[in-house]
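Read the structure below first, then the notes.
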Amino acid sequence: MDHDQEKTGEGRNTLPVKEAPTDMDTTGASLGNLTPTGFDSLQAAQQAAACGQHPTGGAVPIVAPADAVQPTETPTSLFEGSPVPLRSEINEREYPLELLPEVLQLAISEVKEYTQAPTAMIAGSALSAISTAAQGLISVERDRFLRDPASLYLLTLAESGERKSTVDKFFTRSIRDWEAAQKEAAKPAQAEYKAKLTEWECLGEGYKQAIRNGAKNGLPDRFAAEQLTQLELNRPKEPVVPLLLRSDSTPEALGVALERYPVAAILSDEAGIIFGSHAMNPDSVMRNLSALNVCWDGGQLMRERTSTQSIDVSGMRVTMGLLVQPKTLEVFLGKQGDLAKGIGFLARFLVANPESTQGTRFYREPPQHTPGIDAFNQRIRMLLGAKVRFDATGKLETTFLTLSPEAKDLWVQFHDSAEEELGRGREFFDVKDVASKAADNAARLAALLHTFDDHMGVTVIGRQSMKAAVRLMHWYLHEALRFAGLVAVPDGIRRADVLEKWLIQQLRKGQYFVETNHARKYCPNEVRAKAFDDAVDVLEAHNRAMPLKRGQKKFICLNPDVVKEYRR
């Protein structure tokens, strides 16, 4: 609608509520094509209410332009019925702990009792630790062609202060102790390496000097040249120290680390390192996201460089357990969402968007005994104590776990049911990129749960492990739908949301009108030109605002009930 043709009238001006355009359906979004709009949890919404912030998020100071001239009428009579939300939300489901191994259930419950952090975040930390410890030992085979690593990528959306780093420490205690022991054990070998490297460098300098002297005299020193060639072929090899945890690695630095030791985990409550670092600029985003995809696949990572170290590593195993703040992910998706979807980056993640517990976590004394946490870390120590194997070329060798007939039947049923729901109009159509990898992740989860549940050395995955994995994947698919519903809205809805928030900023207490010309000129750039009219149409269709004319002035009038949403 062209809002130079707003409706006029001095008395009652009632506009019927239109149906929202079908191409702006808030459910029609793919997880990989996430256009940001609002990420805030219920807790953030409650905290925001007192300061004039809308429950859907974003700081909204109530400040009107100094020269605003308002119609004197109260616009309540202009709107029939309640405003329609711009997007729908799906309720969070309880995390399915009941089918997990008993040790894992108890450990999660103990951490939950003390930290009072969201259950889904705690479970994600536990699964990340299991994946970190087991991924260098096992892989999973569904049939002779479908053979993959058992590594997991997990992503939790939460604000700073959700206590992820505290939670991680409970589950990574054995991993950190093991790494410290590896560093200590490697000290003699490293000292020997440094001595040999110094000797090697001095010999090299001597041969080079002899070659230079011969060149000056016109008599090439062929013996020195031959010795230098042999020396280069026998450079001392730096001893491998198997360090796993990398909380601050960029994708580029991770590649270098994997060439030294091909098993790693990025466990971080500052996932801006991945989603917001300099490595995510437009020039390098494709390369770096593709590299992380290769790591999930256990493929081959090759980079030829002239100024920095080249990389050539294959068969790596990488776990990611990340917490990302909503705003950081919002910025990332705004810039790189289409690319991330195109190469299936986010589709590989098990995403959780739990309700915040901040504001309810009153002090509790630490427990005297933590049998679940202790048993969990004992299992992790057992996994880390198993010897990681390498072939003659230095490539990682893992044991492939197969599925029992009963486990295979469950996996096939889940695979086929997920596939069936990818079609248009079916349950997972809006998150088909995630659902298409759900069966892969179910197999990985089953392999990890099987191995953690005191079955190391047993190479056939049983029905119970697969049943638990499928149950978890149903939960994560539901979270994918929630995630898409919260943040993956069509551009038209997103721009309407942006315009509405901006309009609210313009109002002083008791005001409901913003001059159309003022709005056109000063609204956010992404809502200007034709997008402005489209955004107003969406707000009108949802009974949230309407264009009208009073005398010679044109206004956008906000529904008083919408204003109350921001000010209650």
Identify, by number, the condition in (1) within 21 Å of Glu89 (Cβ to Cβ); (2) in the same structural domain as Gln413 (by TED's automatic domain parsing); (3) surrounded by 21 or more Cβ atoms within 10 Å (Cβ to Cβ) that Glu500 doesn't meet.
(2)
Exactly one of Phe345, Phe349 is at pLDDT 90 or above, within 25 Å of Val470 (Cβ to Cβ) and either surrounded by 22 or more Cβ atoms within 10 Å (Cβ to Cβ) or in the same structural domain as Arg176 (by TED's automatic domain parsing) (or both), and that one is Phe349
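Out of Asp312, Asp338, which single residue is of a type outside the set (A, V, I, L, M, F, W, C), in a strand (DSSP E or B) and modelled with pLDDT under 95?
The conditions single out Asp312.
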Test set (1) closer than 21 Å to Glu113 by Cα; (2) in contact with a His (Cβ under 9 Å, 6 or more places away or on another chain); (3) of a type outside the set (Gly, Ala, Ser) - Leu401 fails condition number
(1)
Please give the number of the condition Lys432 fails out of (1) basic (Lys, Arg); (2) at pLDDT 95 or above; (3) touching a Leu at 6+ places or on another chain (Cβ under 8 Å).
(2)
Considering residues that are at pLDDT 85 or above and outside any helix (DSSP H, G or I), the number found within the stretch 250-267 is 7
Would you check if there is a residue in the stretch 193-203 being of a type in the set (Gly, Ala, Ser) and surrounded by 13 or more Cβ atoms within 10 Å (Cβ to Cβ)?
no
Scanning for something at negative phi, modelled with pLDDT of 95 or more, among the basic types (Lys, Arg) and touching a Lys or Arg at 6+ places or on another chain (Cβ under 7 Å), does the stretch 457-473 turn up at least one residue?
no
Any chance the stretch 508-518 includes a residue that's in contact with a Lys or Arg (Cβ under 9 Å, 6 or more places away or on another chain), surrounded by fewer than 18 Cβ atoms within 10 Å (Cβ to Cβ), free of Cβ contacts under 8 Å to residues at least 40 places away in the same chain and over 30 Å from Ala120 (Cα atoms)?
yes
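Find the helices (runs of 4 or more DSSP H) located wholly in the stretch 107-220 whose residues include 1 or more that are closer than 29 Å to Leu403 by Cα and either in contact with a Pro (Cβ under 7 Å, 6 or more places away or on another chain) or assigned by TED's automatic domain parsing to the domain that holds Val412 (or both), and list them. Don't jump to the end; show me each part of the working.
Details: elements: 119-134, 164-185, 187-216.
Those helices (runs of 4 or more DSSP H) span 119-134, 164-185.
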Which residues, counting only those in the stretch 523-539, are in contact (Cβ under 8 Å) with a residue 40 or more places away in the chain and out of contact with any strand residue (DSSP E or B) (no Cβ under 7 Å at 6 or more places or on another chain)?
Phe532, Asp533, Asp534, Ala535, Asp537, Val538
Is there a residue in the stretch 241-249 that is over 26 Å from Ala133 (Cα atoms) and either modelled with pLDDT of 95 or more or among the aromatic types (Phe, Trp, Tyr) (or both)?
no
Residue in the stretch 470-484 that is over 17 Å from Leu333 (Cα atoms) and either in the same structural domain as Leu539 (by TED's automatic domain parsing) or acidic (Asp, Glu) (or both) present:
yes
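The values are calculated or read from the model by the stated rules, or taken from the named source; none is laboratory data. What you see is a predicted model, and the numbers here were worked out from it, not measured in a lab. So basically every Cβ, Gly included, is an ideal-geometry build from the backbone, and we count neighbours across all protein chains shown.
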